[in-house]
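The values are calculated or read from the model by the stated rules, or taken from the named source; none is laboratory data. All of these numbers come straight from a predicted model, not from anything done at the bench. All Cβ positions, even for glycine, are placed from backbone atoms using ideal geometry, and neighbour counts span all protein chains on display.
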Amino acid sequence: MNYAQILDQIHRDLQPYLGTGRVADYIPELANVPADSFGMAIVTPTGEVFRTGQADTRFSIQSISKLFACTLAFRLLGDALWERVGREPSGTAFNSLVQLEAEHGKPRNPFINAGALVVTDVLCRRFAHAENALVQFMQRLTGDPGIDYDLRVAQSELRHAHRNRAMAHFMASFGNLEMPPESVVDAYCRQCAISMSCVEVARAALFLSNGGIAPVSGERILDSSSTKRLSALMLTCGTYDAAGDFVFRVGLPAKSGVGGGIVAVLPGEMAVCVWSPALDSNGNSLAGVLALEWLTTYTGQSIF
Ligand code: GLN
């Protein structure tokens with residue numbers, strides 16, 4: 001498969017779409033990124049890297065961090081994690097509060113904000129600084145000790161985190177947070193503010209296309225059954241309320257973030273990350289979804 005050529009073609013075909021959509025501005029610091037930025041990288045388990053555009057430019061991974069935080073929490077708690085957070089698509093926006101009351105403070109899945117706050121609570125319980133534990137995990141997965149979170153983005157989100165605070169306190173009222181809600185929100189905003197490039201994010205996710213083993217270090221991250229389960233969650237919940245349409249168009253398990261990044265995996269073959277900050281109405285990168293749709297169309301490769 002000539003991935004290099006296919007990535008270049010996608011980049012060319014995307015030109016009219018770059019910048020269409022809206023850059024997230026409810027976290028003011030995210031709005032400073034040029035809307036028409038674009039990068040994309042494919043990384044294979046054998047270490048090949050294919051890139052186009054700004055594939056080495058770091059961006060705010062935002063909710064892509066939920067995938068890796070969930071991996072850490074799943075390693076710590078195993079199936080007990082599902083007593084506190086569900087495994088069903090929410091059918092609501094990523095930051096919605098509406099289901100929480102009816103469902104007694106148990107979020108639908110770990111990839112909406114409420115679920116991710118529970119996951120961060122698990123990490124806060126175990127680690128003195130959950131965000132640092134996640135940063136170190138990303139460093140290990142990529143082999144890059146330079147990965148860190150962007151304090152300005154974290155502080156910008158913390159100043160405007162009213163919804164996430166509301167959610168955390170609400171879940172605490174149902175007994176589904178063990179640590180103080182303020183410290184959970186603090187760690188959550190810092191973990192969302194991790195900066196990584198497309199190549200780095202794809203490399204970090206490679207263990208999911210490699211049966212649970214990180215090719216960079218040879219470390220087993222998850223057993224193969226847990227790897228399957230996490231990938232299944234990405235498929236059904238990784239792109240929020242658009243998960244059905246995303247799977248219809250792209251056919252890969254994926255996780256998106258409001259920084260404009262989307263990471264997707266094709267088991268046995270690759271991890272791919274695309275970044276373009278202008279979002280569609282569901283909070284997914286508009287050009288990013290298109291790029292992944294064209295990737296699976298041009299290559300004829302998907303999980304189906
Ligand atoms: N930090 C963001 C928030 O909590 C992450 C949301 C996202 O990327 N969808 O709102």
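Against the list (1) under 16 Å from the mean Cα position of the chain (by Cα); (2) within 19 Å of Ala193 (Cα to Cα); (3) surrounded by 22 or more Cβ atoms within 10 Å (Cβ to Cβ), the condition Asn95 fails is (3). Within the range 291-302, the residues that satisfy the criterion of being among the hydrophobic types (A, V, I, L, M, F, W, C), touching a strand residue (DSSP E or B) at 6+ places or on another chain (Cβ under 9 Å) and touching a residue at least 60 places away in the same chain (Cβ under 8 Å) are Ala291, Leu295. Checking Ser217 against (1) closer than 25 Å to Ile303 by Cα; (2) at pLDDT below 95, only one condition comes out false. Which one? All conditions pass for Ser217, except number (1). Any idea which of (1) within 12 Å of the ligand (Cβ to nearest atom); (2) buried (at least 24 other Cβ atoms within 10 Å of the Cβ); (3) among the small types (Gly, Ala, Ser) is the one Ala254 doesn't satisfy? Every condition holds for Ala254 apart from (1). Here is the figure for the range 138-150: residues that are part of a loop (DSSP other than H, G, I, E, B) and either in contact with a Lys or Arg (Cβ under 9 Å, 6 or more places away or on another chain) or in contact (Cβ under 8 Å) with a residue 12 or more places away in the chain (or both) total 4.
Ala254 meets each of the listed conditions (1) hydrophobic (A, V, I, L, M, F, W, C); (2) without any contact (Cβ under 8 Å) to a residue 40 or more places away in the chain; (3) touching a Cys at 6+ places or on another chain (Cβ under 6 Å) apart from (3).
Taking every residue in the range 84-109 that is under 15 Å from Asn284 (Cβ atoms) and pairing it with any residue that is within 14 Å of the ligand (Cβ to nearest atom) and not in a helix (DSSP H, G or I), at least 6 positions away or on another chain, the pairs with Cβ-Cβ distances below 6 Å are Ser90/Ile112; Phe94/Ile112; Phe94/Gly283.
Does Ala232 satisfy the condition of being closer than 18 Å to Ala69 by Cα, touching a helix residue (DSSP H, G or I) at 6+ places or on another chain (Cβ under 6 Å) and of a type outside the set (Asp, Glu)? The answer is no for Ala232.
Residues of the range 15-32 that are farther than 19 Å from Ser281 by Cβ and in contact (Cβ under 8 Å) with a residue 40 or more places away in the chain: Pro28, Glu29.
Restricting attention to the range 151-184, the residues that are surrounded by fewer than 22 Cβ atoms within 10 Å (Cβ to Cβ) and part of a helix (DSSP H, G or I) total 17.
One line per residue, one yes/no per condition, for (1) closer than 22 Å to Asp148 by Cβ; (2) touching a residue at least 12 places away in the same chain (Cβ under 8 Å); (3) within 14 Å of the ligand (Cβ to nearest atom); (4) surrounded by fewer than 17 Cβ atoms within 10 Å (Cβ to Cβ):
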{"site": "Asp223", "(1), (2), (3), (4)": "no, no, no, yes"}
{"site": "Leu230", "(1), (2), (3), (4)": "no, yes, no, no"}
{"site": "Gly238", "(1), (2), (3), (4)": "no, yes, yes, no"}
{"site": "Ala243", "(1), (2), (3), (4)": "no, yes, yes, no"}
{"site": "Val272", "(1), (2), (3), (4)": "no, yes, no, no"}
{"site": "Ser281", "(1), (2), (3), (4)": "no, no, yes, yes"}
{"site": "Asn284", "(1), (2), (3), (4)": "no, yes, yes, no"}
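If a residue counts only when it is of a type in the set (A, V, I, L, M, F, W, C) and within 12 Å of the ligand (Cβ to nearest atom), which helices (runs of 4 or more DSSP H) contained entirely in the range 42-137 have at least 2 such residues?
Per the criteria, 64-77, 113-126.
Only residues that are under 21 Å from the mean Cα position of the chain (by Cα) and either basic (Lys, Arg) or surrounded by fewer than 16 Cβ atoms within 10 Å (Cβ to Cβ) (or both) were counted in the range 1-35, giving 7.
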